[in-house]
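See below for the structure under consideration.
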Amino acid sequence: MTVANTSNEALRERIQKAITHQKRPTVTVLSSLLAVQDEIGYIPDVAIEEVAKFTDTTLNDVWGVASFYKNFRFTPPSAHTVEVCWGPTCHLVGATKVMTELMGHLGLKDEGDTADKKLTLRFNTCLGACSQAPVISVDHHLWGKVTPERACKLADKARESGPKHH
Amino acid sequence: MPTYAELKARADKQWQDLTAGDRPWIRVGTALCGQAAGGVEVVEALKKTAEAKGIKVTVDEVGCIGMCYAEPLVDIQKPGESRLFFKNVSADDVPALLESYLVKNQIPTGKVFGYLGAKPIAGAPNIADMPQWKLQNRIALRNAGTTAPDDIFQYIANNGFAALNKALTEMKPADVIQQMIDSGLRGRGGAAFPTGTKWSFLVKNTSPVKYILCNCEEGDPGAYNDKGILESDPYTLVEGLLLAGYATGSSNGIIFVRHGHDGPIDRAEMAVKQAYENGLLGKNILGTSFTFNIEVALTGDSYVAGEETALMEAIEGHRSMPRSRPPFPAAFGVWGKPSNINNVKSLSYAPEIILKGAQWFSSIGVNKSKGTAIVCLSGAIKYPGWYEIPMGLSLSQVINVIGGGPPSGKKVKLLQTGGPLGGVLDANSLNIKIDFEEMSAAGAILGSGGIIIADEDTCAVDLTRVLVAFCQYESCGKCFPCRLGMTHLLEFVERITKLEGRPADLAMMESVGKNMQAGSLCGHGQLGFNPIRSALKFFGSDFKMHIEQKKCPTGSCGKPIISPRNTRPYAEMARDDRQPIQVASKASK
Ligand SMILES: Cc1cc2nc3c(=O)[nH]c(=O)nc-3n(C[C@H](O)[C@H](O)[C@H](O)COP(=O)(O)O)c2cc1C
Ligand code: SF4
Ligand code: FES
């Protein structure tokens, strides 16, 4: 119990700090949630509470925003994140194969976390480097002209490296 | 507060040192495309190798010069010489490259792309003679890939902020607006509304606080030119915002980018910071009485956040759902204040228009489409990249001459233009001109400039499924016809790609599409049927074959498919360990 409480308090403090130290001048429910997402990679319940308090809004308001934007998640992410673009350009030049083989390689049936929680797979509508399609990103670094094999290799490499810092 | 002349003198000196000083200047594009091609690793290798070999060089990370197909491009300019570009350089190539060109003074073969500049370099072709360069007219992109996006003095050395200085010292705000109107510039965000006229709406409002909003949501897959400008030359956008602010009597600007696009965000923030440091933002800009502030704001992942009223909701921190209009933004915008919203490209044209005059700009282009278009070519094309071309070139010139056509000699089957809500065209449409009216008459739009090319190996139905999946995924859900209509359309198209389509499906899709067009609040739902409508127009027989003969002409359909859905996994939102949260909220206060 005590251990859980301490880590919960530590988490709360990190969240408060992220919310109160935003570098952009306009502070809103959304900007606060983005600050939390950047700091710890997800939006735990305490973050909803803290953002509601800080912005003087209701829990419902904060949940409404958090559940709307697709970059927010509500459980801790895996150590690393691989995103695969499924935009039309990437689709045309082989994204489906990259997605299918990555899912098979990681033991996943859809986007989500691997069983060992070392990797999160996400699909992205466009990573913004269409001229290098098919594109994936590993912990936000883009890789273009990927083959299924190269994508699996890049994912493995990330998996084997140490934890990423948020 | 430095004067413009002081800034310019300092910038010129720095530029002189860079280009004609005592060390070679190396530039590598590390915009999103350059990063994906491996540019970041090449920059590291360049710095390491130069140090190990004791070669004194300046290495700058720049944006993208547009020829993404040759990336990573290493651009080396020896003092007083032209720039020599090396193509598709990997980190492993770097030591040999530096050794031969900088130590032995020989031009290595194999990796040479070409030279750019007044002095020819023997053995290298002139990039200016290549169709990819020759057919361009670079206005908004004049500095892209050339000046460092994190050094405001490189921008100033290339006439940056001269337009602002001219406007502040020689022109009244009304003159600036008149120039913009006379230039014929129309918005590049999709609707093609005249930019100067839009600015004039804001002038009429006398509120003390007014906003200029810059839309860099750019969620259209296939288009990366707005992000490209932020990454390649954010200063030109900052100057455009300043001009819009001066012309309309506004004191606040917001550049609005999607969270997660770190490169464009970082470079925009750096540009704003440096503008403040040099008296180009804030109070008494360039020693005049003009005050203007800019901030960079982020949205979460949402395509509809690019719709102008949804964008204002997002800035205010809410869900990015469109507001009903009227009231229009010029009367009631962000935080209820009068606002003007422009696309990145629209604003980025302003400095050159003010500097060179409306006449100069309106002499470029055709009919009611003045100036240039910035097109992003991707898909089945030999030379994918982004190119700034005068309006009026034909699609064929753009795709076959600049883009080199599909690789390995295949035929063009289909073009997808203007983002998923735009439309598709077939190969017979290649003689259409890049012209707002001509494109929309053909059933497509220029939109944000993305052109995705598919060759004969592509199944039109399969591609339509992906476009429809995108529109379903991105519906904001505020209104029923769009939310449910998109889901229905996706179900139909998925059924057809699984070769399980029914004869009545086509008519039913038409009917859903009509309701969406009539009953949706914003362009997303109103145009949500476009991908299917245009595909049926040109490739109706493909659909019929799938439905009637249960056959796909290219063999890509009939397999299990992946269509990401805009639904949260139930388990994530309602996991069993979730405790009721206790907090003092407004509702209970
Ligand atoms: C669903 C939807 C998404 C849009 N996304 C963008 C976008 O990403 N960028 C953009 O500049 N305009 C976008 N627009 C158009 C804007 O609403 C607006 O017309 C534009 O930003 C105005 O700028 P302009 O006059 O300079 O073209 C979108 C419109 C709709 C309906
Ligand atoms: S048309 Fe679609 S995207 Fe637009 S407001 Fe309605 S539900 Fe949202
Ligand atoms: S469509 Fe994949 S990066 Fe744009």
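The values are calculated or read from the model by the stated rules, or taken from the named source; none is laboratory data. On a predicted model such as this, the values are computed, not experimentally measured, just so you know. When we count neighbours, we look across all protein chains shown, and the Cβ atoms used for this are built from the backbone with ideal geometry, even at glycine. Heads up: the accessible areas ignore ligands, DNA and RNA and are worked out on the full protein's heavy atoms, side chains in. Shrake-Rupley method; radii C 1.70, N 1.55, O 1.52, S 1.80 Å.
Partner aspartates and glutamates whose Cα lies under 16 Å from the Cα of B:Lys172, excluding those fewer than 8 positions away in the same chain, are identified as B:Asp182.
What shape does chain B take by its C-alpha gyration tensor, where a ≥ b ≥ c are the square roots of the eigenvalues and a/c under 1.5 counts as rounded, a/b above b/c as prolate, and the rest as oblate?
oblate
Could you give the length gained by full extension between B:Asp457 and B:Ala128, i.e. 0.36 nm per residue of separation minus their alpha carbon distance, to one decimal place?
Gain in length upon complete extension: 115.1 nm.
Pairing chain A with chain B buries about 5500 Å² of accessible area. This figure sums both sides and uses a 1.4 Å probe. Taking every C-alpha pair closer than 8 Å and separated by at least 6 residues, the mean separation divided by the residue count of chain B gives a relative contact order of 12 percent.
Using the average count of surrounding beta-carbon atoms within 10 Å as a protection proxy, the listed peptides B:212-218, B:519-525 rank, highest first, as B:212-218, B:519-525. For the listed residue pairs B:Lys47/B:Lys119; B:Lys382/B:Lys411; A:Lys97/B:Lys433; B:Lys283/B:Lys356; B:Lys227/B:Lys537, the alpha carbons are over 24 angstrom apart in B:Lys47/B:Lys119; A:Lys97/B:Lys433; B:Lys283/B:Lys356; B:Lys227/B:Lys537.
Computed from the Cβ-Cβ distance with R0 of 56 Å, the FRET efficiency linking A:Glu149 to B:Ser289 stands at 0.35. Residues A:Phe74, A:Phe54, sorted by accessible area with the largest first, give A:Phe54, A:Phe74 [1.4 Å probe; ligands and nucleic acids excluded]. The magnitude of the dipole of the range B:1-145, with charges of +1 and -1 set on the Cβ of Lys/Arg and Asp/Glu and taken from the Cα centre, is near 360 debye. Taking amide hydrogens as placed 1.01 Å from N in the peptide plane, the amide H of A:Leu119 sits under 5 Å from those of A:Ala79, A:His80, A:Thr114, each at least 5 positions away in sequence or on another chain.
The stretch between A:Arg14 and A:Ser161 holds 50.5 nm of extra length on full extension. This uses 0.36 nm per residue minus the Cα-Cα distance. Of B:Leu7, A:Trp86, B:Phe539, which is farthest on the positive side of the dipole of the protein assembly as shown, counting Cα position, with +1 on Lys and Arg Cβ, -1 on Asp and Glu Cβ, and the Cα centre as origin? Selected residue: B:Phe539.
From the square roots a ≥ b ≥ c of the eigenvalues of the alpha-carbon gyration tensor of the protein assembly as shown, which class results: rounded (a/c under 1.5), prolate (a/b over b/c), or oblate? Rounded is the answer for the protein assembly as shown, as its axis ratio a/c remains below 1.5.
Taking chain A, the Cys residues with no second Cys beta-carbon under 4.7 angstrom are A:Cys126, A:Cys130, A:Cys152. Beta-bridge orientation, chain B: approximately 55 percent antiparallel, per DSSP, counting only bridges with both partners inside. Rolling a 1.4 Å probe across the protein heavy atoms gives the protein assembly as shown an accessible surface of 38 Å² per residue. Centroid-to-centroid, using Cα positions, the range B:269-291 and the range B:1-80 are 25 Å apart. Taking amide H as placed 1.01 Å from N in the peptide plane, B:Asn126 has its amide H under 5 Å from the amide H of B:Tyr115, each at least 5 places away in sequence or on another chain.
Accessible area per residue (1.4 Å probe, heavy atoms of protein chains only) ranks B:Thr169, B:Thr206 as B:Thr206, B:Thr169, with the largest value leading.
Using the Karplus relation 6.51 cos²θ - 1.76 cosθ + 1.60 with θ = phi - 60°, the per-residue 3J(HN,Hα) values for the range A:16-23 come to 4, 5, 4, 6, 7, 9, 5, 8 Hz, with x marking Gly and Pro. For the range A:50-166, the relative contact order is 28 percent, taking Cα pairs closer than 8 Å that sit 6 or more residues apart in sequence and dividing their mean separation by the residue count. Centroid-to-centroid, using Cα positions, the range B:114-147 and the range B:344-420 are 17 Å apart. Couplings for the range B:151-158, taken from phi via the Karplus curve 6.51 cos²θ - 1.76 cosθ + 1.60 with θ = phi - 60°, read 9, 4, 6, 5, 5, 5, 4, 9 Hz in order; Gly and Pro are left as x. With K and R counted +1 and D and E -1, the other residues having a Cβ less than 12 Å from that of B:Pro24 yield a net charge of +1. With K and R counted +1 and D and E -1, the other residues having a Cβ less than 12 Å from that of B:Leu185 yield a net charge of +4.
Accessible surface of the range A:1-157, 1.4 Å probe: 55 percent of it comes from carbon and sulfur atoms.
Here is how the number arises for chain B: DSSP H runs of 4 or more residues each give -39500 (n - 2.57), the sum is divided by the residue count, and the result at 222 nm is -11500 deg cm²/dmol. Within the range A:8-166, DSSP assigns beta bridges of which about 55% are antiparallel (rounded to the nearest 5).
Computed from backbone phi with θ = phi - 60° and the Karplus coefficients 6.51, -1.76 and 1.60, the 3J(HN,Hα) list for the range B:235-241 is 5, 5, 6, 4, 5, x, 5 Hz; x is used for glycine and proline. Quantify, in whole percent, the carbon and sulfur part of the accessible surface of chain B (1.4 Å probe; protein heavy atoms only). Percent of accessible area from carbon and sulfur atoms in chain B: 52. Near the amide H of B:Asp60, within less than 5 Å, lie the amide hydrogens of B:Ile26, B:Arg27, B:Val28, all on another chain or at least 5 residues away, with H placed in the peptide plane.
Legend: residues B:Arg465, B:Arg186, sorted from most to least accessible area (1.4 Å probe; ligands, DNA and RNA excluded), read B:Arg186, B:Arg465. For chain A, what class follows from the C-alpha gyration tensor (a ≥ b ≥ c being the square roots of its eigenvalues): rounded when a/c is under 1.5, otherwise prolate if a/b is larger than b/c, else oblate? Prolate shape, in that a/c is at least 1.5 and a/b is the bigger ratio.
B:Pro322 sits among other residues whose Cβ lies under 12 Å from its own Cβ, and their net charge, with Lys and Arg +1 and Asp and Glu -1, is +1.
Sorting the segments B:266-277, B:312-323 by their mean number of nearby beta carbons within 10 angstrom, highest to lowest, gives B:312-323, B:266-277.
Under the convention that each Lys and Arg Cβ holds +1 and each Asp and Glu Cβ holds -1, the size of the dipole of chain B around its Cα centre is about 900 debye.
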